[in-house]
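The values are calculated or read from the model by the stated rules, or taken from the named source; none is laboratory data. Computed from a prediction, not measured in an experiment: that's the story for all the values here. Here the Cβ positions follow ideal geometry from the backbone for every residue, glycine too, while neighbour counts run over all protein chains shown.
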Amino acid sequence: MTIRTILIAGFVCCTMPQAVQAGMPSVGLTEIASLRLQSISFFLMVLLVSAFVFKLLWNLLAKDFPKLPVLSYKGALAGTVLWGLMFLFVLTMISGARELLTPGAWEKTGRTYQLTDSEAEELGTPEELLEARRKQLGELRSALFMHVATHQGKYPKNADDATFAEEFWFQPGDLRVKYGYVIGDKKTAPAEPLAFEQAVYDDDQQLVLFTDGAIKVLPLKEAQEVLNGK
């Protein structure tokens, strides 16, 4: 009867829309304190109900497995708390491992965490963005030249035929846009366009990689004229 009385009293307290006023003076709570008290009450109510449901399910299972002991409500409550602490420990370990593997990649937003926009912060000013674009296109150039060195001096016919990782084909930025690739026979002299940026940046310039390894920054109109020639 005691456990049933506690459950009924807790349910009534959690569902009452207004506080009951008696003849004794009451202490007024601030809004924050009231919200915290409601959260604690709700948590305790969920804990008690979960333990009661756990007891029912365990004892129902024990009917088919005689070796299982009959579980009391105190044992069910202790088991529920123990399982909750174990899951909390596992989640804490996962969060710690995530932070160790990607330090500084997560930032707290309210009660949750989200990935920081680190790439946008690193690119920053237009000059830093242009330098990052040069660097990324330079890495693609190195990968293409390595392909040439291992394939009898021939460039890949298209991006899918390249022997290096697909990540080299992506331009810097959040849009995950791939570089354009000029299909056809590549010659080292005279130099011809080999790969080029897609015009997704807010400036009037486009980077073009030539077969001789030169990376040129061209105005959009001039870059289109050079590429249209191909």
*asked:* Looking for something surrounded by 14 or more Cβ atoms within 10 Å (Cβ to Cβ) and either at pLDDT below 80 or under 28 Å from the mean Cα position of the chain (by Cα) (or both) - is there at least one such residue anywhere in the stretch 119-128?
replied: yes
_Residues of the stretch 136-184 that turn out to be in a helix (DSSP H, G or I) and without any contact (Cβ under 8 Å) to a residue 24 or more places away in the chain, as a count_ = 10
*Identify, by number, the condition in (1) more than 33 Å from the chain's Cα centre (by Cα); (2) assigned to a loop (DSSP other than H, G, I, E, B); (3) not polar (S, T, N, Q) that Lys221 doesn't meet.*
(2)
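Which of the following residues is modelled with pLDDT of 85 or more and more than 24 Å from Glu128 (Cα to Cα): Asp212, Asp185, Asp204? Walk me through it before giving the result.
Values: Asp185 fails: modelled with pLDDT of 85 or more; Asp204 fails: more than 24 Å from Glu128 (Cα to Cα).
Checking each option against the conditions leaves just Asp212.
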*asked:* Which of the numbered conditions does Arg176 fail, given that it passes all the others? Conditions: (1) surrounded by 12 or more Cβ atoms within 10 Å (Cβ to Cβ); (2) of a type outside the set (Phe, Trp, Tyr); (3) touching a strand residue (DSSP E or B) at 6+ places or on another chain (Cβ under 7 Å).
replied: (1)
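Anything in the stretch 73-101 that is surrounded by 12 or more Cβ atoms within 10 Å (Cβ to Cβ) and either of a type in the set (Lys, Arg) or touching a Ser or Thr at 6+ places or on another chain (Cβ under 6 Å) (or both)? List them, or say none.
Once the filter is applied, which keeps residues that are surrounded by 12 or more Cβ atoms within 10 Å (Cβ to Cβ) and either of a type in the set (Lys, Arg) or touching a Ser or Thr at 6+ places or on another chain (Cβ under 6 Å) (or both), the stretch 73-101 yields Thr80, Arg98.
Yes/no per residue for (1) within 34 Å of the chain's Cα centre (by Cα); (2) over 19 Å from Gly84 (Cβ atoms); (3) surrounded by 13 or more Cβ atoms within 10 Å (Cβ to Cβ); (4) at pLDDT below 55:
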site	(1), (2), (3), (4)
Met1	no, yes, no, yes
Thr5	no, yes, no, no
Gln18	no, yes, no, yes
Gln21	no, yes, no, yes
Ser26	no, yes, no, yes
Phe43	yes, no, no, no
Ala62	no, yes, yes, no
Leu71	no, no, yes, no
